[in-house]
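Novice: Pasting a structure here, questions to come.
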Amino acid sequence: MPYRVGVIGGGTYGSRIVKAYYSCHMQNQIVLAALADVNSEAREDAKKKYGINVYADYKEMIEKENLDAVSVVTPDFLHEEITLYCAAKKLHLALQKPLDVTVEGAERMVKAAAENNVMLFVDFHKRFDPSLILLRERYRTGKLGELLYGYANIEDAITVPADWFKGWAQNSSPMWFIGIHLIDIFNWIFDKPPVKVLATGGKKKLLSLGIDSYDFIQAKLVYDNGAAINLDTSWILPRAFPSIVDQTFRFIGTEGIMEVDGQNRGIEYYSSFDGGSMDNPYGYHVLEEENALTGCNLSGYTVDTMLHFPRLLQKLDQGATLESLAGTYADGPQAVLATRIAVAIHESVEKGGVWVTI
């Protein structure tokens with residue numbers, strides 16, 4: 001019998017997950033049972049489109065729906081309370097990054113999942129980007145040699161903190177919201193964490209809008225062999241920027257170099273009707289028509305990661321164990337490591353740019 005799944009949070013990203021899960025529901029991989037969200041419009045939209053039950057309180061949803069798993073798509077600082085509650089109810093969990101914004105909270109979440117023998121899947125969707133998969137393969141097979149130095153940036157338009165998440169952006173930062181993706185990618189590619197970090201940041205633009213959060217954070221990550229990676233994060237690019245996100249990667253080793261333009265994939269569009277854009281359909285793309293079988297018109301690596309959790313649940317339903325699935329997804333301990341590094345970066349910023357050991 002397919003696992004019954006609920007979603008907690010149906011906003012900007014949660015609504016995409018509900019739609020992706022509905023395609024898995026249509027293929028009998030899972031049963032998409034319900035959505036819990038404090039916003040009545042989000043609830044009614046999901047109920048109308050997918051015919052699922054909706055709740056204002058996630059605890060009521062869990063009490064009434066006999067769920068096997070939940071996907072948590074809430075602001076970062078709400079993750080721990082929900083995770084501990086759901087783990088105690090023996091529910092498998094998928095969470096958006098970061099796992100938590102404190103090491104202690106993240107570790108409590110991992111402990112709760114382990115004690116209750118439930119999956120803790122963390123949605124680090126950059127691991128599904130074909131260009132970064134290729135970068136990892138080139139590095140892991142020795143084509144770049146030993147890492148010497150590198151650079152990466154990930155920056156959002158100001159639309160994200162000022163419009164989409166204005167209500168809670170002050171509880172986050174560009175390093176927590178998007179930089180955490182690249183921290184995880186570095187760990188995933190190089191298979192080891194940095195040993196120390198140094199970082200600086202600034203607050204000006206968002207403060208002028210009444211949002212007390214960093215505009216930008218720049219960090220240097222240094223590894224045990226002396227290799228160093230510079231990481232730039234921000235979320236105050238102008239609204240006129242032709243994409244919500246800008247991201248690039250450049251790594252130099254003893255035997256090679258590889259560069260990835262993660263934002264402009266060579267597709268530019270300009271029109272007198274709606275301005276212009278640099279589209280990245282590899283990350284997220286809405287197809288003109290829905291697939292008749294799945295009811296889904298979403299594609300791209302950010303969708304692939306959404307679909308990975310239901311497929312793992314299907315394997316569990318068919319007899320797989322958590323042990324047999326280890327290594328096939330970003331798990332709790334890996335997410336704790338990313339949180340630990342991000343906490344060290346913020347500590348360095350707050351201490352005025354000093355070296356902090358991981």
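Novice: Between Tyr3 and residues 5 or more places away or on another chain, which pairs have amide H atoms under 5 Å apart, with H built 1.01 Å from N, and which residues are they?
Specialist: Those lying under 5 Å, H to H, from Tyr3 are Val31.
Novice: May I ask for the angle, rounded to the nearest 10°, between helix 130-140 and the longest principal axis of the chain, with both axes built from Cα atoms and the value confined to 0 to 90°?
Specialist: Helix 130-140 sits at roughly 60 degrees to that axis.
Novice: Let me check against my output: what whole-number percent is the relative contact order of the chain, with C-alpha pairs under 8 Å and at least 6 apart?
Specialist: Relative contact order, the chain: 21 percent.
Novice: In region 191-290, which trypsin sites (Lys or Arg not before Pro) are in a loop and have at most 12 other Cβ atoms within 10 Å, using DSSP for the loop call?
Specialist: Those that pass, being in a loop and sparsely packed, are Lys204, Arg239.
Novice: Run through region 188-286 and list the GluC sites (Glu not before Pro) located in a DSSP loop whose Cβ has at most 11 other Cβ atoms within 10 Å.
Specialist: Glu255
Novice: If I fit a long axis through the Cα atoms of helix 301-317 and take the longest principal axis of the Cα atoms of the chain, what angle between them do I get, 0 to 90°, rounded to 10?
Specialist: Helix 301-317 sits roughly 50 degrees off the main axis of the chain.
Novice: Right, another one. For a quick size check, give me the Cα extents of region 235-348 along its three principal axes, largest first, whole Å.
Specialist: 55, 50, 34
Novice: Could you work out the mean projected area of the convex hull around the alpha carbons of region 13-117, in square nanometres to one decimal?
Specialist: 6.4
Novice: Could I ask something else about it? Helix-only estimate, please: 222 nm mean residue ellipticity of the chain, summing -39500 (n - 2.57) across DSSP H runs of length 4 or more and dividing by its residues, to the nearest 500.
Specialist: Value at 222 nm, helices only: -10000 deg cm²/dmol.
Novice: Provide the convex hull volume over Cα atoms per residue for the chain, in Å³.
Specialist: Each residue corresponds to 144 Å³ of Cα convex hull volume.
Novice: Where does the charge balance sit around Thr248 when Lys and Arg score +1, Asp and Glu -1, over other residues with C-beta under 11 Å from its C-beta?
Specialist: Neighbour charge sum, excluding Thr248 itself: -4.
Novice: Where the centre of each part is set by its Cα atoms, how far does region 331-345 sit from region 113-192, in angstrom?
Specialist: Rounded to whole Å, the Cα centres lie 11 Å apart.
Rule-based calculations on the coordinates, nothing more; no lab input. This is a predicted model, so every value here is computed, not measured. So basically every Cβ, Gly included, is an ideal-geometry build from the backbone, and we count neighbours across all protein chains shown.
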